[in-house]
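Peer 1: I have a structure here, written as structure tokens, and I will follow up with some questions on it.
The values are calculated or read from the model by the stated rules, or taken from the named source; none is laboratory data. Since this is a predicted model, take the numbers as computed values, not measurements. Here the Cβ is made from the backbone with ideal geometry for all residues, glycine too, and neighbour counts use every protein chain on show. Accessible surface is based on the protein model in full, side chains and every heavy atom, while ligands, DNA and RNA are left aside. Shrake-Rupley method; radii C 1.70, N 1.55, O 1.52, S 1.80 Å.
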Amino acid sequence: MRIAVIDSGISLPNAQATERAAFRLREDTLGIEQIPAHPDRIGHGSAVAAAILAQAPAATLIDAQIFHDRITASPAAVAAALRWAVGCGARLATLSLGLSADRPVLRAAVEEALSHGLLLVAASPARGGPVWPAAYPGVIAATGDARCAPGEVSVLPSAFGTCPRRLDGAPHVGGASLAVGHLAGLLAAAPPSREAALAHLHSAARWHGPERRLV
């Protein structure tokens, strides 16, 4: 499966993306420009990619950079990266980010990508209100579930839970951001349609319902 990691880049010794591009707001703020990709300066996208490959080592990665020196990006840049990934033949894309408000430019790009049959996995925090794009209809929401080891999944009321930790034990990058990568790796072996993919996750789930803490 061709998987687009829309993030800070992919810099892994055992992973080479077949296509790479970066997207950012132009200096005059009058649009988005596509520029050559650079090495991952943050480590965020590389951690997500590593989680994907741990479950799906044969996956083909597409590197769509939207984060450059920090974890912020304009909704228009995210939308441009998503459209580019679809044009590169991505069958699944990850978005380890969450906006506090719906943005029309992002919604339009998501709806267009879904209409092309793309499976889109986006981060959904375990607590708080809805975030976008995870809250858009058709997007598969992922969140961290401490019960889940790598390769395990839980079915929660509004998201699928997966492992929130890095495989190397490093503390950087975790929670819903990393859960997106783990879930994408599991979906790489699922049937291509969204309905079949969701059925696959439900059948593979080890837990159903929210995590309950015993006092």
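Peer 1: log₁₀ I(q)/I(0) of segment 75-165 at q = 0.11, 0.12, 0.18, 0.19 Å⁻¹, via Debye over equal Cα point scatterers, no solvent, to two decimals?
Peer 2: At q = 0.11, 0.12, 0.18, 0.19 Å⁻¹ the computed log10 ratios are -0.30, -0.36, -0.78, -0.85.
Peer 1: Can you compute the helix-only [θ] at 222 nm over the chain? Use -39500 (n - 2.57) per DSSP H run of at least 4 residues, normalise by all residues, nearest 500 deg cm²/dmol.
Peer 2: On the way: 5 runs with 61 residues, N = 215.
Helix-only estimate at 222 nm: -9000 deg cm²/dmol.
Peer 1: Calculate one ³J(HN,Hα) per residue across segment 75-82 by plugging θ = phi - 60° into the Karplus curve 6.51 cos²θ - 1.76 cosθ + 1.60, and present them in order as whole Hz with x for glycine and proline.
Peer 2: Going residue by residue, I get x, 5, 5, 4, 4, 5, 5, 5 Hz, with x marking Gly and Pro.
Peer 1: A further question follows. With every protein chain left in place, what is the accessible area of Arg166 in Å² (1.4 Å probe, nearest 10)?
Peer 2: Accessible area, nearest 10 Å²: 70 Å².
Peer 1: Sequence-distant or interchain residues sharing an amide H contact under 5 Å with Leu120, placed H: which?
Peer 2: Ala93, Ile140
Peer 1: With a 1.4 Å probe and all protein chains in place, put Ile35, Ile62, Ile42 in order of accessible area, largest first.
Peer 2: Details: Ile35 35, Ile62 0, Ile42 65 Å².
I get Ile42, Ile35, Ile62, largest accessible area first.
Peer 1: How much accessible area does Phe67 have with a 1.4 Å probe, in Å² rounded to the nearest 10?
Peer 2: Around 10 Å² of this residue is reachable by solvent.
Peer 1: Another one. Under a 5 Å amide H to amide H cut-off, with H placed in plane at 1.01 Å, what residues pair with Val155 once short-range neighbours are removed?
Peer 2: Gly161, Trp207, His208, Gly209
Peer 1: Let me ask another. Using the Karplus curve 6.51 cos²θ - 1.76 cosθ + 1.60 with θ = phi - 60°, work out ³J(HN,Hα) for each residue of segment 133-142 in order, rounded to whole Hz, and write x for Gly and Pro.
Peer 2: Karplus values, whole Hz, x for Gly and Pro: x, 4, 7, 6, x, x, 7, 8, 8, 10.
Peer 1: Check which residues have an amide H placed less than 5 Å from Ser11's amide H, if you skip close sequence neighbours.
Peer 2: So Ser11 has HN proximity to Asp40, Ser46.
Peer 1: Would you give the gap between the C-alpha center of segment 1-25 and the C-alpha center of segment 41-106, rounded to a whole Å?
Peer 2: Between the Cα centre of segment 1-25 and that of segment 41-106, the gap is 8 Å.
Peer 1: Assign one of three labels to segment 1-123, namely rounded, prolate or oblate, based on the Cα gyration tensor with a ≥ b ≥ c the square roots of its eigenvalues; rounded applies when a/c is under 1.5, prolate when it is not and a/b is larger than b/c, and oblate otherwise. Display every interim value, and only then the final one.
Peer 2: Values: a/c = 1.65, a/b = 1.23, b/c = 1.34.
Taking the square roots of the gyration eigenvalues as a ≥ b ≥ c, segment 1-123 is oblate.
Peer 1: What GluC sites (Glu not before Pro) in segment 1-79 are in a loop by DSSP, with at most 10 other Cβ atoms within 10 Å of the Cβ? Could you put the intermediate results ahead of the total?
Peer 2: On the way: sites: Glu19, Glu27, Glu33; in loops: Glu27.
Hits after loop and neighbour filter: Glu27.
Peer 1: So how far apart, in nm, are the two label points at Ser115 and Ser100 if each is 7 Å from Cα heading toward Cβ?
Peer 2: 3.2 nm
Peer 1: Now for a separate question. For segment 149-159, just list the computed ³J(HN,Hα) in residue order, Karplus coefficients 6.51, -1.76 and 1.60, θ = phi - 60°, integers in Hz, with x standing in for Gly and Pro.
Peer 2: Using θ = phi - 60°, the values come out as 7, x, x, 9, 9, 10, 9, 9, x, 10, 6 Hz.
Peer 1: Still on this structure: For segment 110-215, what D do you get in µm² per second when you plug the Kirkwood radius from alpha-carbon pairs into Stokes-Einstein at 10 °C and 1.306 mPa s? All intermediate terms of the calculation are to be shown ahead of the outcome.
Peer 2: Working: Rh = 13.9 Å.
The Stokes-Einstein estimate is 114 µm²/s.
Peer 1: Name the shape class, rounded, prolate or oblate, that the alpha-carbon gyration tensor gives for segment 46-88, where a ≥ b ≥ c are the square roots of its eigenvalues, rounded holds for a/c under 1.5, and otherwise prolate holds if a/b is larger than b/c and oblate otherwise. All intermediate terms of the calculation are to be shown ahead of the outcome.
Peer 2: Numbers: a/c = 3.45, a/b = 1.48, b/c = 2.34.
Oblate shape, in that a/c is at least 1.5 and b/c is the bigger or equal ratio.
Peer 1: To the nearest 20 debye, what is the magnitude of the charge dipole of the chain about its Cα centre, counting +1 on the Cβ of each Lys and Arg and -1 on the Cβ of each Asp and Glu?
Peer 2: Values: 18 positive and 16 negative charges, 90 e Å.
Using Cβ point charges on Lys, Arg, Asp and Glu, the chain gives about 440 debye.
Peer 1: Select from Asp102, Asp28, Asp63 the residue whose mean-square fluctuation is largest in a Gaussian network model of the chain (Cα-Cα springs shorter than 10 Å).
Peer 2: Among Asp102, Asp28, Asp63, the largest mean-square fluctuation in the Gaussian network model of the chain belongs to Asp28.
Peer 1: Follow-up. Restricting to Cα atoms and excluding each atom paired with itself, what does the Kirkwood estimate give for the chain in Å?
Peer 2: Values: mean 1/r = 0.0594 Å⁻¹.
Roughly 16.8 Å, rounded to one decimal.
Peer 1: Could you rank the peptides 44-52, 112-120 by their average count of other C-beta atoms within 10 Å per residue, with the highest value first?
Peer 2: Working: 44-52: 26.3, 112-120: 17.4.
Packing proxy ranking, top to bottom: 44-52, 112-120.
Peer 1: Where is the GNM fluctuation largest for the chain (alpha-carbon springs, 10 angstrom cutoff): Ala79, Ala149, Ala141?
Peer 2: Judging by the Gaussian network model, the answer is Ala149.
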